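Encoded as structure tokens, the structure appears first; notes follow it.
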Amino acid sequence: MTPVQIELPPRPISTERLKLVPACERFASQLREYFIENRNHLQPWEPLRAEDFFEPDSVHQRLATMAHNNSSGLALHLLLISAEKGELVGDCNFTNIIRGPFQACHLGFSLAKRFEGQGLMREALTAAISYIFHAIGLHRVMANFKPENVRSAKLLEGLGFEREGLARSYLMINGVWADHVLTSLINQIPDC
């Protein structure tokens, strides 16, 4: 199916404490620092990362790809920037955007360890999901997590995501095929 161009936010999506900014190459040094600082924190939930993943050129290339996917309608990659200090605190990504009768995407997110427990990801995802439903017009957002990821389970449940099942050996995470809980959130806005 041919991707449909999505409307990127004309300016950052703002919340009380955050600005959600479409990923672009100007954030390369901040994103690199974020990944290096949070390497051990994120490792249990992500694929194994080769050393070159953390190199400046690699980070630059990933951001260029994210920006391309944003502009082509394949994804919406957002960086979470602290409104107070302007530092990158996390990210949220709406990927695999499918149009046609499905109108859905997958959600992924991460937050720096030192910002956990402050409600920042809930704040960010509330605004980002609203944008995905209202401005982009998607019907379904799917989010999957390892069963032992209690923080993600609580967050998604609090946002209204419903459990749909368990996928055995779903993704290779941290070098091992891992089961994942499948959840989704349905856009409750009536169709026009």
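The values are calculated or read from the model by the stated rules, or taken from the named source; none is laboratory data. These numbers come from a predicted model, not from an experiment. Don't worry about glycine lacking a Cβ; one is built from the backbone with ideal geometry, like all the others, and counts go over all protein chains shown.
Conditions tested, residue by residue: (1) modelled with pLDDT of 95 or more; (2) part of a loop (DSSP other than H, G, I, E, B); (3) within 18 Å of V21 (Cα to Cα).
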site	(1), (2), (3)
M66	yes, no, yes
L78	yes, no, yes
G100	no, yes, no
A128	yes, no, yes
A143	yes, no, no
| In the stretch 17-37, the residues that are closer than 29 Å to W177 by Cα and over 16 Å from the mean Cα position of the chain (by Cα) | R32, E33, I36, E37
| note | In the stretch 74-108, anything among the hydrophobic types (A, V, I, L, M, F, W, C) and within 9 Å of the chain's Cα centre (by Cα) is listed as L76, L78, L79, C92, F94, L107
| task | Take the residues in the stretch 82-98 that are out of contact with any Ser or Thr (no Cβ under 9 Å at 6 or more places or on another chain) and not in a strand (DSSP E or B), then tell me which one is surrounded by the most Cβ atoms within 10 Å (Cβ to Cβ). | result | E87
| message | Restricting to the stretch 143-187, count the residues that are basic (K, R), over 17 Å from I129 (Cα atoms) and exposed (fewer than 12 other Cβ atoms within 10 Å of the Cβ). | response | 1
